[in-house]
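Notes for the one structure printed next.
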Amino acid sequence: LRISVVGGTTDEMVYRWRAGPNAISEPLRAIGLEIDRVRANSDLVIALTHLGLDSDRKIAHGTRGVDLVIGGHSHDALYYPVMERGRSGFDVPIFQAGKHGQSVGQLWLDMEKGRAPKILSYTLVPVYAEGPREGAMQSFVTYARRRLEHEFGVSRLYEVIGRSDVPMRAPVNGD
């Protein structure tokens, strides 16, 4: 089966400076155009986004040809897919795994050429910092931390520079 992944991110300053001026176009329109371009030659079209749940719903609802949306940005931990009726008349599942790598989504699909994918299972798998370490990744993290400590200084890098008693806004879905 041929699978196409179409991506999009927000055009906020924190992302724009990395990509350069005018590198990020209006994401909902761009994703819609790209889905139109790849749909004819794809058995499965996935929208991979960093736009937030509200925009993911707009993609699922407003485009014809997307089979599922895997998103982020709004930090929603979706323990069940959000279903949004697409323009083609079928429900489009939306998945998000929460924030900051605290969970990884595990999705199993049953695919048959010419048919919409069937969700066999979906779960959020928690990622524990105190869990077992993979050697190569641990070496990379240690190397990166040492570079930052050298560049910024240990005391400055780990210094608490602010505190707030104001609670954070609760996410729409999740803890």
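The values are calculated or read from the model by the stated rules, or taken from the named source; none is laboratory data. Remember, predicted model here, so these are calculated numbers, not experimental data. Note that each Cβ is placed from the backbone with ideal geometry, even for glycine, and that neighbours are counted across all protein chains shown. Each accessible area value is taken on the protein alone, full model and side chains, heavy atoms only, with ligands, DNA and RNA left out. Shrake-Rupley method; radii C 1.70, N 1.55, O 1.52, S 1.80 Å.
Those residues that are within 30 Å of Y79 (Cα to Cα) and of a type in the set (G, A, S), I need them from the stretch 125-154; list them, please.
Going through the stretch 125-154, the residues within 30 Å of Y79 (Cα to Cα) turn out to be 125-134, 137-138, 141.
Scanning the stretch 125-154 gives A129, G131.
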- Task: Scan A30, A129 and give me the residue that is under 23 Å from D11 (Cβ atoms) and open to solvent by 30 Å² or more (accessible area, probe 1.4 Å).
- Result: A30
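From S55, S139, S121, S103, which residue is surrounded by 11 or more Cβ atoms within 10 Å (Cβ to Cβ) and either over 18 Å from the mean Cα position of the chain (by Cα) or touching a residue at least 60 places away in the same chain (Cβ under 8 Å) (or both)? Spell out how you get there, then give the answer.
Numbers: S55 fails: either over 18 Å from the mean Cα position of the chain (by Cα) or touching a residue at least 60 places away in the same chain (Cβ under 8 Å) (or both); S121 fails: surrounded by 11 or more Cβ atoms within 10 Å (Cβ to Cβ); S103 fails: either over 18 Å from the mean Cα position of the chain (by Cα) or touching a residue at least 60 places away in the same chain (Cβ under 8 Å) (or both).
Sole residue among the options that is surrounded by 11 or more Cβ atoms within 10 Å (Cβ to Cβ) and either over 18 Å from the mean Cα position of the chain (by Cα) or touching a residue at least 60 places away in the same chain (Cβ under 8 Å) (or both): S139.
Being in contact with a helix residue (DSSP H, G or I) (Cβ under 7 Å, 6 or more places away or on another chain), under 25 Å from T10 (Cβ atoms), open to solvent by 60 Å² or more (accessible area, probe 1.4 Å) and modelled with pLDDT under 95 is true for just one of R64, R87. Which residue is that?
Numbers: R64 fails: in contact with a helix residue (DSSP H, G or I) (Cβ under 7 Å, 6 or more places away or on another chain).
After applying the criteria, what remains is R87.
Just to be sure before I move on: is L109 within 27 Å of Y79 (Cβ to Cβ) and aliphatic (A, V, I, L, M) in the structure I sent? Working first, answer last.
Values: within 27 Å of Y79 (Cβ to Cβ): yes; aliphatic (A, V, I, L, M): yes.
Yes: the conditions hold for L109.
Select, from V66, V38, the only residue that is of a type outside the set (D, E, K, R) and assigned to a helix (DSSP H, G or I).
Among V66, V38, only V38 is of a type outside the set (D, E, K, R) and assigned to a helix (DSSP H, G or I).
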